[in-house]
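The values are calculated or read from the model by the stated rules, or taken from the named source; none is laboratory data. Just so you know, these numbers come straight off a predicted model, no measurement behind them. Neighbour counts are summed over all protein chains in view; Cβ atoms, including those assigned to glycine, are modelled from backbone coordinates with ideal geometry.
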Amino acid sequence: METVANIVPLLQSGCAQPYVAVYVENPDQEINLALVISELKDWLTLKGIKIAGPLFYRYYTTSCSVAHPHSIAVGYPVATEVQGNQRILTGCIPQGTFATLTHCGQPGALQYTFEALQCWASEQDIEWQYKHHNGVQVLAGCFEFYLTDPADIEDINQCRTALAVLIAPQLPVSFKTAVYGQVRIFAACLRYS
């Protein structure tokens, strides 16, 4: 198994982007996420809503416990806000600056790329942005964007996934100067070519 990531993580700014998603609690259990994705695509087609970017998983926590189970939203960006239902939820990819790193290879090895991104952020004194939801502290924006759909490629090692984590608003002045030339527009990774 070959896995490659960008050599250097990037800071990328992005505008708010509406999305539709299905909330999945404890996805590590025997839940078939392919069925969730199919259900979401069928709902979008039925409603005539065009997908405006790649499939994503939004993580609310990076660890889990019995009191706070691991949960994700499986979704797609859409061009405008839409009305969901009890199963199909709507939300927004938050505006802000994201620490990003592109993973190339099997999605099962994404944890190593995420660990590399966390290590880099720690070395740069960058903190993830959190918010409180139902009395629990959760990540304000932690995403896996599937730049290549694993269902559309023959060799899973060719899968490309962009990891993006919203960072806390204040950066050290020395770091702002050091990365000024590396800031790119995050929205570019959400567009289809």
A careful count of residues in segment 127-170 that are of a type in the set (S, T, N, Q) and touching a helix residue (DSSP H, G or I) at 6+ places or on another chain (Cβ under 7 Å) gives 2
Pull up segment 121-142, narrow it to residues that are at pLDDT below 85 and surrounded by 10 or more Cβ atoms within 10 Å (Cβ to Cβ), then point me to the one that is farthest from the chain's Cα centre (by Cα). VAL136
Selection within segment 1-20 - modelled with pLDDT of 90 or more, over 30 Å from ASN85 (Cα atoms) and part of a loop (DSSP other than H, G, I, E, B): PRO9
Of the residues in segment 74-102, those that are more than 19 Å from ALA164 (Cβ to Cβ) and surrounded by 14 or more Cβ atoms within 10 Å (Cβ to Cβ) come to VAL82, GLY84, ILE88, LEU89, THR90
Enumeration of residues in segment 21-40 that are outside any strand (DSSP E or B), at pLDDT 85 or above and of a type in the set (Val, Ile, Thr): VAL36, ILE37
